[in-house]
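*Asks:* This structure is in structure tokens; I'll ask about it shortly.
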Amino acid sequence: MRYYTRSVIFLFAILLLAGCRKDNLTPPVDKTTTLRSMGDFVRNNYDFSLLAAALKKANLLDSLNQPGPFTFLAPDNKAFNDIGILQPEDFDKLNTDSLRFALKYHVLYGRTYISEFPLQMGSRLRTLAGANAIVSINNILFLNSTPPENRNAFVNGSMIYKDARRNVPLLNGVVHVIRKPLRYEPVTVQEMLQADTSLSLFVQAMKQFKLWDGLGGKGPYTIFVPGNKVFRKYKLTADSISRMQPEKFDESAFGVYPLKLGPKMIFSTDWAQLNSDMGDASTLVQLGRFQLKPSAYMNQWTLQDFSEISVNEVGKYAGVYGPRSVHFAGGLPIGADHTASNGVVHFIDDLLLYPQLLKK
């Protein structure tokens, strides 16, 4: 199962159905108007037609019409399109149980508006799937204060839109529209990597350099993973990896990918959320003589994604011991932020450091 297959399987949605008129995302102005339930709202909104189809496939149509209250982190059609889901029939290819679990992961207990989320990075909030979603909220950069409803808000690296697409009040909860579906697997990062045959050379490198066993631990871990195609590009084969002697390489040569097994949970958008495009060197991920900058930003107005990962030796520019920048494999919506029970995995399209340049 390849990384893009995984991201499709763990697709998402979570509102429901019913009703006859077509809604939009503008909250009702007249507070005396009877609000609609989540199910009715989702089913009758053009922007959520794929979400409604996913709910129908997973037999969840009635669940979010129940009293609740719920907070729904709802991917719109654009979010599904960007990971390859273009029409309702695409859900027929997916395992129903996996889809149901993925949809429940998008629903939080209780009715929580943006102003009510903790003003901090990395809050763990329980979902209907039983696993935690990671919510990060901060004030707008360079402003002394930000109106609570306008704060920057992300969940598992997925942006919560501003304006009328957040804080949509409904009879049994509230809806926040998110930029991309959330990906969560109830396995360790080690199990996630082991199950993907397109990552076998990375797994072998982790074992060769004594990093593999640690990935089954408590964590949390953040791992940047090049696929087999990347390794072969540099003539790194199963045979050549097996002949590498770890003691003859700088520990960052392969230790950079799991961030030397440091207990870090870093989503693609965290660095940019805290720093904008310019950040102090102290906010980079420090890895001995190297430092890593993981940066991703999604423009909610143009719907364009900007992202790169770079590694540089302290005091020097990136591009000396590896590429100047690396990107998420398949693009940001597909390659980034695959969350597991003990960490997060990012699939990348190049090596971070060239091992041949890091021989002692």
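*Asks:* Could you rank the peptides 222-229, 196-203 by their average count of other C-beta atoms within 10 Å per residue, with the highest value first?
*Replies:* Working: 222-229: 21.4, 196-203: 18.4.
Most protected by this proxy first, the peptides run 222-229, 196-203.
*Asks:* Quick one: if you take sqrt(5λ) for each eigenvalue of the C-alpha gyration tensor of segment 194-243, what semi-axes come out, biggest first, whole angstrom?
*Replies:* Numbers: eigenvalues 81, 30, 15 Å².
In descending order, the three semi-axes are 20, 12, 9 Å.
*Asks:* Using the Cβ atoms and a cut-off under 10 Å, what net charge is assigned to the surroundings of Val174, where Lys and Arg are +1 and Asp and Glu are -1?
*Replies:* Once all neighbours under 10 Å are counted, the net charge is +1.
*Asks:* Can you list the lysines whose alpha carbon is less than 16 Å from that of Lys56, not counting same-chain residues fewer than 8 positions off?
*Replies:* Within the straight-line cut-off, Lys56 pairs with Lys93, Lys104.
*Asks:* May I ask for the equivalent-ellipsoid semi-axes of the chain, computed as the square root of five times each C-alpha gyration tensor eigenvalue and listed largest first in whole Å? Could you put the intermediate results ahead of the total?
*Replies:* On the way: eigenvalues 295, 101, 50 Å².
Equivalent ellipsoid of the chain: 38, 22, 16 Å, largest first.
*Asks:* Sort Phe91, Phe328 so the one with the fewest other Cβ atoms within 10 Å of its own Cβ comes first. If you can, show how the numbers build up before the last one.
*Replies:* Values: Phe91 21, Phe328 24.
Fewest to most other Cβ atoms nearby, the residues stand as Phe91, Phe328.
*Asks:* So, one more: At a threshold of 8 angstrom on Cα-Cα distance, excluding pairs fewer than six apart, so keeping six or more, what relative contact order does the chain reach in percent?
*Replies:* On the way: 777 pairs, mean separation 59.0, N = 360.
For the chain, the relative contact order is 16 percent.
*Asks:* State to the nearest 20 debye the size of the charge dipole of the chain about its Cα centre, where the only charges are +1 on K and R beta carbons and -1 on D and E beta carbons. Intermediate results must be reported in sequence, preceding the final value.
*Replies:* Numbers: 40 positive and 31 negative charges, 93 e Å.
Dipole of the chain, to the nearest 20 debye: 440 debye.
*Asks:* Please give me the summed charge of the neighbours of Leu86: other residues whose Cβ is under 14 Å from its Cβ, Lys and Arg +1, Asp and Glu -1. Could the numbers behind the result be given before it?
*Replies:* Details: positive: Lys78, Lys93; negative: Asp76, Asp82, Glu89, Asp90, Asp92.
Charge balance near Leu86 sits at -3.
*Asks:* Still on this structure, I have one more. Please grab the % of Cα pairs in segment 189-358 that end up more than 18 Å from each other. Mind showing how you got there, number by number?
*Replies:* Details: 8410 of 14365 pairs.
Taking all Cα-Cα pairs of segment 189-358, the fraction more than 18 Å apart is 59 percent.
*Asks:* Here's another thing I want to ask about it. Among Ser49, Ser158, Ser115, which comes first, then next, by fewest other beta-carbon atoms within 10 Å?
*Replies:* Numbers: Ser49 16, Ser158 26, Ser115 13.
So the ranking, lowest neighbour count to highest, is Ser115, Ser49, Ser158.
*Asks:* Can you compute the modelled spin-label distance between Val314 and Leu274, with each label point 7 Å from Cα toward Cβ, in nm?
*Replies:* A separation of 1.7 nm, rounded to one decimal place.
*Asks:* Report relative contact order for segment 129-213 in percent, whole number only (criteria: Cα-Cα under 8 Å, sequence separation at least 6). Don't jump to the answer; show the numbers that get you there.
*Replies:* Working: 75 pairs, mean separation 14.1, N = 85.
Answer for segment 129-213 is 17 percent.
*Asks:* Turning to a different aspect of this structure: If you take the charge dipole of segment 94-238 about its Cα centre, with +1 on Lys and Arg Cβ and -1 on Asp and Glu Cβ, which of Tyr109, Asn152, Leu171 is farthest toward its positive end?
*Replies:* Asn152
*Asks:* How high is the relative contact order of segment 216-323, in percent, counting Cα pairs under 8 Å that sit 6 or more residues apart? Please report the intermediate quantities before stating the final value.
*Replies:* On the way: 107 pairs, mean separation 22.7, N = 108.
Here the relative contact order equals 21 percent.
Rule-based calculations on the coordinates, nothing more; no lab input. Predicted, not measured: the structure shown is a model, and the values here were computed from it. Positions of Cβ are backbone-derived with ideal geometry, glycine not excepted, and every protein chain shown enters the neighbour counts.
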